[in-house]
Amino acid sequence: MEQRVLGRTGRPVSVVGLGTWQLGADWGDVREEDALAVLDASVEAGVTLFDTADVYGDGRSEQLIGRYLKGRPDAEVFVATKFGRRVEQRPEHYHLANFRAWADRSRANLGVERLDLVQLHCPPTPVYSSDEVFDALDTLVAEERIAAYGVSVETCAEALTAIARPGVASVQIILNAFRLKPLEQVLPAAAAAGVGILARVPLASGLLSGRYTAQTTFAADDHRTYNRQGEAFDQGETFSGVDFATGVEAAAEFAALTPGGATPAQTALRWIVQQPGVTTVIPGARNPEQARANAGTAALPALPEATLAAVRDLYDRRIRPQVHDRW
């Protein structure tokens, strides 16, 4: 699989990675053997980046990754984790003592001495402007608790503030065919600064797979049931902030753009991979078949200009009025 350097980490990673929120919680129950099978299928398909967080299943996702990689010392996988969401979201909680404790917990969960990459996990907006916060992250690097740090953001404004920080190696941001705003300023600024981009929520919580109808329901413990209006966390994390009924209709239009030999989900991932400035896209997977299909996106031909123009038109007509100015 094609490898791209992840910004200031200097490390090459696969253009299609694996997001592991599904393996922890908030997407319904996933058995341990199924989770490990997803990790294995991804590695066998050429994936070299796993993205996780200390809050996914309260550490379960990290622990599963650590268990898997311990049994696969031959797998050269870069693990990007996140911290900061296990406490009340107040700026005063983002300080060195907490960072050390959070990093040490993730190190124990993953079974490593030094974390490849720690990302602030969508913290309160003022955190991005705090010199003390980034001084503390620099200290973790100096102490060799972490090799590099980045941020996971909700808004383009937060991303641009972070990119201006000289120590920020990467930015993780929602980017998909229903969330185009990052293309305007964030991706060009990141490329100019040498900052890596991890594209998250690439299928708009599954909408862009084309598998849902207006009658589709989800389990009670699935965030696509309980967070549609942002009841538990930022609304943009669920269906990219798009109203479900609107999203289903727009997804049907998107599916019609799928080229022969690909699925709508692969088309959505392929669209992201070929955006200038993107380092890697991190779709999740609930089973090995999904993991292999996602990874297979990297081998697909680039989408033609006519398809790219059609995606932009669909966004402008159906999605932009709902989400563009919010995020």
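The values are calculated or read from the model by the stated rules, or taken from the named source; none is laboratory data. Quantities reported herein were computed from a predicted structural model and do not represent experimental measurements. Counting neighbours? That spans all protein chains shown, and the Cβs are built from the backbone with ideal geometry, glycine included. Protein only, heavy atoms only, side chains kept; ligands, DNA and RNA dropped before computing areas. Shrake-Rupley method; radii C 1.70, N 1.55, O 1.52, S 1.80 Å.
Taking only C-alpha pairs under 8 Å that are 6+ residues apart, what is the relative contact order of the chain in percent?
22
Are there GluC sites (Glu not before Pro) in region 17-104 that DSSP marks as loop and that have at most 15 other Cβ atoms within 10 Å, and which are they?
Sparse-neighbourhood loop GluC sites (Glu not before Pro): Glu76, Glu88.
Could you work out how far helix 96-110 tilts from the main Cα principal axis of the chain, as a 0 to 90 degree angle to the nearest 10?
Helix 96-110 and the main axis of the chain meet at about 70 degrees.
Measuring from centroid to centroid over Cα atoms, what is the spacing of region 61-101 and region 105-173 in Å?
11
Could you work out the helix-only [θ] at 222 nm for the chain, with each DSSP H run of four or more residues adding -39,500 (n - 2.57) and the total divided by the number of residues, to the nearest 500 deg cm²/dmol?
-10500 deg cm²/dmol
Of all GluC sites (Glu not before Pro) in region 146-192, which ones are in loop regions per DSSP and have a Cβ with at most 11 other Cβ atoms within 10 Å?
For GluC sites (Glu not before Pro) across region 146-192 that sit outside H, G, I, E and B with at most 11 neighbouring Cβ atoms in 10 Å, the list reads Glu184.
Within region 219-327, list the GluC sites (Glu not before Pro) lying in a DSSP loop whose Cβ has at most 12 other Cβ atoms in a 10 Å radius.
Glu231
So what is the accessible area of region 1-141 per residue, in Å², with the probe set to 1.4 Å?
Heavy-atom accessible area per residue stands at 41 Å².
How much of the accessible area of the chain, in percent, comes from carbon and sulfur atoms when a 1.4 Å probe is used?
Ligands and nucleic acids excluded, carbon and sulfur give 50 percent.
Using only the Cα atoms of region 221-327, build the gyration tensor, take square roots of its eigenvalues as a ≥ b ≥ c, and label the shape rounded, prolate or oblate: rounded if a/c is under 1.5, else prolate if a/b is larger than b/c, else oblate.
Verdict is oblate for region 221-327.
Direction-averaged shadow area of the convex hull around the Cα atoms of the chain, nm²?
14.8
Find out how many positive minus negative residues lie around Asp313, taking Lys and Arg as positive, Asp and Glu as negative, among other residues whose Cβ is under 13 Å from that of Asp313.
Result for the neighbourhood of Asp313: +1.
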